[in-house]
1. Mind checking whether some residue in region 820-827 is open to solvent by less than 80 Å² (accessible area, probe 1.4 Å), at pLDDT 85 or above and either over 53 Å from the mean Cα position of the chain (by Cα) or within 21 Å of G752 (Cβ to Cβ) (or both)?
2. So, in region 729-757, how many residues would count as being hydrophobic (A, V, I, L, M, F, W, C) and either closer than 30 Å to Y222 by Cβ or without any contact (Cβ under 8 Å) to a residue 12 or more places away in the chain (or both)?
3. Out of L815, L807, L773, which single residue is assigned to a strand (DSSP E or B), modelled with pLDDT under 90 and open to solvent by less than 30 Å² (accessible area, probe 1.4 Å)?
4. Being surrounded by fewer than 19 Cβ atoms within 10 Å (Cβ to Cβ), under 34 Å from the mean Cα position of the chain (by Cα) and among the small types (G, A, S) narrows it down to one of G742, G748, so name that one.
5. Looking for something of a type in the set (A, V, I, L, M) and free of Cβ contacts under 8 Å to residues at least 12 places away in the same chain - is there at least one such residue anywhere in region 94-115?
6. Determine which single condition W834 fails, assuming it passes every other condition in (1) among the aromatic types (F, W, Y); (2) surrounded by 14 or more Cβ atoms within 10 Å (Cβ to Cβ); (3) modelled with pLDDT under 90.
7. May I ask you to list the residues in region 548-571 that are out of contact with any His (no Cβ under 7 Å at 6 or more places or on another chain), open to solvent by 30 Å² or more (accessible area, probe 1.4 Å) and among the small types (G, A, S)?
8. If you take the residues of region 670-694 that are surrounded by fewer than 15 Cβ atoms within 10 Å (Cβ to Cβ) and charged (D, E, K, R), which of them is farthest from D721 (Cα to Cα)?
Amino acid sequence: MISFSAFSQSKVETSISNYEKVIKAGGHLTLFFVVSNPSSDSLTAVLDLPENWSILISKTLKVGPNHTKYSYTLSTPKTVAAGFYFPKFKVLSNNNVVMTKFFDIEISEFKKIEVLNIGQPEYVREGDTLVTEYLVQNLGNSTERLKLATSRGEVFNYSDSLLLEANSNIRVKVKQKIPATENNSWNVSADLKVFTTDSETPIYQVTSVPVYSNSSKKTDPYYRFPIQVGGSFLNFNIGGVSTIAYQYIGEGKGFLDLKEKHHIDFAVRGPNELNFPTVGSYDQYSFEYDYKNTTKVSIGDYVNRVSNLIEFSRFGRGIRFEQKISKSEFQVFYQRARFLPSQKDSYGFNYAYSLNESIKFNFNYFNKDVIKDNSIFRTNILGVSSNIKKELFSVETEVALGNSNSKWDLGLFNRFNLQFHKFNLHSEIISAGKDFHGFYTNSRLLINGISYSLNKKINIGVNSNFTRINPSLDILAFRSSPISKTNMVFASFQPNNKNSFFLNYTIQEREDRQIPSSFHYKEDFSNLSYSLNQDKVLVFSQFRYGSAQNLLAGDQLKPKQFFNSMIQPSLKISNWFWLGGYFEHQNTSKFSQDNTIKNLFYYGGSLRFNYKSFVHANFMYRNNYAPDEFFEKRSFMDGSLLFDFKKHQLSLTTGRAYVPLSMNSNQNTLFFTLKYVLKLNVPVRKNKNIGHVAGNLVGMSDGILKGGVIVQMGPYKTVTDTSGNFHFNNLKPDIYHITLNGGPNMQGIIAGIKTPLVVSVKADSTEKVTIPLLKTGGLVGKVNFQVEERNLKLADNSKLPIVLVKLTNGDESFLTQINEKNEFSFKEIKPGNWSVSAFIPGKQEQFEVVNQEKNVVIGAEKLIQESFVVKSVERKIFFSGKDFKLITKK
């Protein structure tokens, strides 16, 4: 509290000049008050401040016979909380308040959360529980609501949100179970993520802790190839008829050599007792060989892709050869389509040239048998394409010319994407003539869209789509291609990563091309969609309102209003269990044969169960779908249960599905499969060019614990067992160096031999190593300076010299410099006879060490003391009896 004296009459008035009303925590503020008082009474001015606020400078100035000005420069604490404060300026007469002036000051909000790792073990063993500790500090000036999470394991006691007051902190522990692996050592990461309400990006702190195995892993001298073999039982109910089938399974994928040059991928599944591809029951025999990703050969069943227009995707049986040479790529193939009745065999070749990393050109030739209108003919197609990818845009263009029955026709494809500043433009065009028999025939597709980002949270845009395509899809695709015309304007709003809104107005027409047709309508509607994405809750919902014209019931019918509401929630019950639901209501006439408005209800549910790494279960149920959703395969029920162990895998799959374009009129298709797989690692070749190291720590005195010592050899680390044994396996023949890197039992213990220990690892052999352990002693001491003041002033820089102390036994040497207290120390020294010496680097002509070298005996678990004396060298003046004459030359 600061006060001033002034003279006043009975009526006192006070004014305050304009001031900065919002300041930062730790900031400064200057205030000016003017007190008007015509009387001659003595007054006292008092400024009351909030706690811990202080006045740095205060002044008083008489500005007239009846006016006095007071000025204050205030300082606020750096830890002051955000909010409004109300200091008081009071005028007193004889200790009585005659006037009080209130004013407000706002401390602006400042946010800062800091996470520090304050505790972790030096290492852990497999099977242990790793516990790491973090300090979470709120260095801002407002209370923060925080949510703590970790990528691995769990957070102690703070799984939900918590409030952390300003300028406070909490200690948080994170624990995770360390699994057993096939490795002798590895690193595990532990982290803590702190989320605030203002940001979806967490404050993140991560650390790495070494993990060591409890025992040496067995050495496998063979290079192995992973293979799975097994069988399956299949039961199908198709068209009301139940059928049973059995299949054998064999597959493998991996490299054949250590240098990973030769790679093969094969699959064998058969016989083809039941050709129902819904669940992959068809037979398959495929083999693929890849050499250094430059030469590739595919034999048997494979998926062939030539280009977007010619052959986009085809599953069939044949042979394909691919070769890469510098910037060029070649491909030749022959294939018989397996799941496309309108196509038999095909062959062709492809040449591609990469001008650089962003520009590529292709030339294609394709010939195939086509079955159409009960006739068979061959078609030849030539195509050229380019693919350009730049930072701001990408363009993919293809032109193909086809000849069938002496008729020529054209196919065109173009896809363009541009992202420039806040604009995003997308366009895609497909055009194929009636006599073009590539992947598309008699097809038109035009997709255009443009969007603009108003800011990071709001996008607006326009889309226009026209789709009337006839793709030659394998029946494995399980879909048809309805005609669609759509125009849309939209706006999206994403306030954060957890919430998003999508608003659009759409005009569209859709027509089913299956026979009989299930839908044909025009509609225009407004749609609002909302998505919630949280750790434990996922929600997608939408509401549509508009008018629809049922063209299936008649072209002259007037549009009728409709609305549609849908919600799809998912809830995380635990880390391994999710539940979901689906609920939809449509009030519309666009699907009814007589154009009457009907209420359609669709509902369903799902669950996902993943227990640890070996039990996985999924289940989905839907009562039905809207008619315009049946253009592709739809599942009414899907269920799977998988038990996945190290060498065995057992799976159960069941379901009921609708398959478009199916020959079966009864679409209540129920299937059930049971499959067992045995996982094998087949030895390919023995690796004889490896060696091993087996070692043991030996205690040379009582009470030395040999377990838990970290042993490092080159880049490899391991931990000794309770008997002091350690192993390094599968090593490349070379010269290695072994060191002991500490452990919980290594305090005061060192190796009894010189380390690093050199070990020569030879091929197909095991090198034996024994390392003795000794209890250590130590040497501490001090250097005493005996320097006279006048000699000290004569020394260069007027400073005491640097003194180094050396400890040696002939085989090992240690060197240290005395500290600011002129002390030195050598800890954890091998017991025995040593020589200790002190010397001064440089300045030897000014200082000297008395008794520079001494012999000492260091004993186990003993700390001996020694000292040295450094004194200045005395300077002497010698006088001569000769006379010298000094002559000045002119």
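1. Yes; the residues of region 820-827 include at least one that is open to solvent by less than 80 Å² (accessible area, probe 1.4 Å), at pLDDT 85 or above and either over 53 Å from the mean Cα position of the chain (by Cα) or within 21 Å of G752 (Cβ to Cβ) (or both).
2. Of the residues in that region, 3 qualify.
3. On the way: L815 fails: open to solvent by less than 30 Å² (accessible area, probe 1.4 Å); L807 fails: modelled with pLDDT under 90.
None of the others qualify; the one that does is L773.
4. G742
5. Yes, region 94-115 contains a residue that is of a type in the set (A, V, I, L, M) and free of Cβ contacts under 8 Å to residues at least 12 places away in the same chain.
6. (3)
7. A553, S570
8. Checking each candidate, the answer is R685.
The values are calculated or read from the model by the stated rules, or taken from the named source; none is laboratory data. This is a predicted model, so every value here is computed, not measured. All Cβ positions, glycine included, derive from the backbone under ideal geometry; neighbour counts span all protein chains shown. Remember, those area values only see protein heavy atoms, side chains included, never the ligands or the DNA or RNA. Shrake-Rupley method; radii C 1.70, N 1.55, O 1.52, S 1.80 Å.
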